[in-house]
1. From the square roots a ≥ b ≥ c of the eigenvalues of the alpha-carbon gyration tensor of region 71-197, which class results: rounded (a/c under 1.5), prolate (a/b over b/c), or oblate?
2. Under unit Cβ charges (Lys, Arg +1; Asp, Glu -1), what dipole magnitude, rounded to 20 debye, does the chain have relative to its Cα centre?
3. Peptides 97-103, 367-373, 120-126, 314-320: what's the order by average Cβ count within 10 Å, highest mean first?
4. Can you pull the one-decimal nm distance between simple spin-label points at F562 and N431, each 7 Å off the Cα toward Cβ?
5. Quickly work out the I451-to-E50 label distance, labels modelled 7 Å from Cα along the C-beta direction, and quote it in nm with one decimal.
6. To the nearest µm²/s, what D does Stokes-Einstein give for the chain at 20 °C and 1.002 mPa s, using the Kirkwood radius over alpha carbon pairs as Rh?
7. Determine ³J(HN,Hα), in whole Hz, for all residues of region 198-210 in sequence, where each value follows from phi through the Karplus function 6.51 cos²θ - 1.76 cosθ + 1.60 and θ = phi - 60°; x replaces Gly and Pro.
8. Which residues' amide hydrogens lie under 5 Å from the amide hydrogen of N253, considering only partners 5 or more residues apart or on another chain, with H built in the peptide plane?
Amino acid sequence: MNYLVYGINNNSYIGTNKKVLEKPLKPENFANENLLNFESNRLFSAALHENGTVSVKYNKKKAKLKLDSPITQISLGSWGHMAFLTQDQRVYTYGDNNGFGQLGTGSQSIKATDPYEVVELRDKNIIEILSCQITTYARSQNGDLYFWGHVRDGNNVEKPELIEKNVETIMGGYSWHTFMIQTDGTFLGRGDNKTGQLGNGQITNHIRKTIKLNPPFDASTIIDWGLSNDGSLILTNEGILYFSGTISPHNSNTFKDIEFFKGKNPVSVSCCEDRGIVLTDNQDLYLFGNAYQQNIWFPNHSLVGENIYKLTTNVENRIGSIYFGYHKDIFFKLETNFLVQDLSDLFEKKYETDQSIHGIEVHRVMLENRLDRNFDDIKKILQGNFTKEETFDIMKWVYKEKFLSQKITEKLKQYFENLNTIDLHKKSIKNDFLKLYKDEDSKDFKILVPIDDDDDDDEDDDDEDAFEEIPVHKFILLARSGLFREMFKNVTEESKFVKDFSSKTIESLEILIKYLYTDKIELTADDDPELVVEELSDAKEYYQLNKHSNLNLELRKIKEQFRLN
């Protein structure tokens with residue numbers, strides 16, 4: 001499960017009658033499932049499943065939404081509506097209209113109890129949807145931005161209206177205002193500005209047309225944001241957190257940085273009404289703003305600054321991002337690290353282990369990579385200074401990124417001098433495996449790919465010149481591919497290669513092998529995006545990758561980036 005919920009549970013959307021969730025809990029019915037998205041508003045919660053369906057929960061009532069084309073995106077507005085996008089790029093809405101027109105039905109009063117297609121956007125090549133307070137946006141592949149719903153001046157928009165062109169990023173939340181970034185880096189804003197939340201140096205009523213803004217940051221450096229009724233939070237890749245509007249105790253009609261978070265390396269932010277939440281790189285969680293002085297909704301907190309509280313959540317897995325639900329609840333999206341999932345299976349099922357420490361079966365290359373020492377030294381240190389139980393906990397960190405106790409952390413740093421200057425909880429498998437991928441000397445196995453030769457179709461050709469080689473670590477193939485695990489059953493222990501007759505080009509296979517190390521599809525200027533997408537479109541099934549693998553999602557990103565059909 002990759003989502004947890006914490007805080008006030010007004011709508012019982014996770015299947016419990018508890019009004020205060022004293023610790024982060026898994027949403028009921030999804031405990032063993034990796035969801036693509038999970039959100040809530042004041043009326044219901046919605047979960048997007050990997051099979052392209054959506055589950056909706058109104059208090060104790062449940063509904064399943066399924067269309068002819070798989071649903072790929074959902075976005076909930078706080079007052080009770082939802083927009084979603086399908087694989088064939090059609091836009092649908094669902095829920096309440098509230099008398100404002102955010103469903104795009106042409107009426108301000110019709111309620112959509114079944115998905116309603118916004119037919120005006122058919123054939124517009126929509127690639128992104130966003131629901132805000134009681135407004136909805138849709139962005140096309142060529143950057144056209146459409147809007148419908150409530151406008152504070154009373155002239156509500158009941159059908160999609162083209163409001164801007166060349167938009168690359170649309171930024172919103174449970175807010176009356178939005179920001180946009182155009183392809184040339186221009187930063188735009190529109191909507192409510194009664195507290196100065198647009199950061200344009202003014203306090204005004206609703207700004208219907210988009211205006212150009214001149215913030216103190218480069219729009220291309222933005223990595224996360226949080227927008228609410230009263231304020232805006234903008235986080236840049238320099239680790240600086242800016243605000244505008246009102247996020248108590250901060251008030252400003254221009255963008256200003258929040259001094260408290262300098263040097264704390266924020267990685268994710270969100271805000272709701274006039275309060276904010278910040279997650280840092282070392283997993284510290286901070287709440288600040290209105291109501292936290294007299295009504296703390298989260299246990300295990302401590303005051304660390306003016307209206308700023310630090311939370312202790314005891315979440316075992318690493319949190320990737322955070323965001324507010326409708327009002328007083330926080331959603332944690334855990335880092336969905338499919339590589340870590342596969343390595344956990346590798347450890348638990350003891351696939352082709354080649355070493356043992358305290359009777360615990362392990363993989364030499366894995367330990368050498370994670371602990372930055374040769375295996376003989378590692379074994380000697382662990383067997384001589386750590387108990388079997390402590391060693392098992394260390395293996396859970398090595399393979400699964402589980403947090404280590406302070407005692408074990410201090411002992412590791414005592415006996416492994418090379419780890420003294422490293423925060424072990426920041427030493428991620430993702431970074432270590434990128435380094436491992438580049439380490440050609442430690443690769444102990446080869447995939448042989450037949451050279452395309454029209455004159456020779458013999459798959460049993462033993463001529464080495466008839467094959468090209470892709471060096472790889474054997475345990476990576478074991479961890480990540482069911483096909484290779486089956487192939488290894490028929491390969492002798494001494495064998496150093498397998499042959500791949502999938503008819504894929506070596507260029508596409510090299511991209512796939514790097515994906516096995518990084519969970520990312522990365523192209524160079526020499527790669528043909530269309531060919532890569534075509535050749536790898538069946539790779540998840542052919543190579544029997546983890547059913548939750550994000551390979552198809554990575555390929556979809558390539559298609560969107562290069563505007564492929």
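Quick note: the coordinates plus some simple rules give every number you see, no bench work behind them. Bear in mind that the values here come from a model prediction, so they are computed numbers and not experimental data. Methodologically, a virtual Cβ is constructed for each residue, glycine included, from the backbone with ideal geometry; neighbour enumeration extends over all protein chains shown.
1. Note, shape of region 71-197 comes out oblate.
2. In debye, rounded to 20, the chain gives about 4480.
3. 97-103, 367-373, 120-126, 314-320
4. 3.1
5. With each label placed 7 Å out from Cα toward Cβ, I get 3.9 nm.
6. Diffusion coefficient, whole number: 82 µm²/s.
7. The phi angles translate into 7, x, 9, x, 10, 10, 9, 6, 4, 9, 6, 8, 5 Hz.
8. Answer set, sorted by chain and number: G245.
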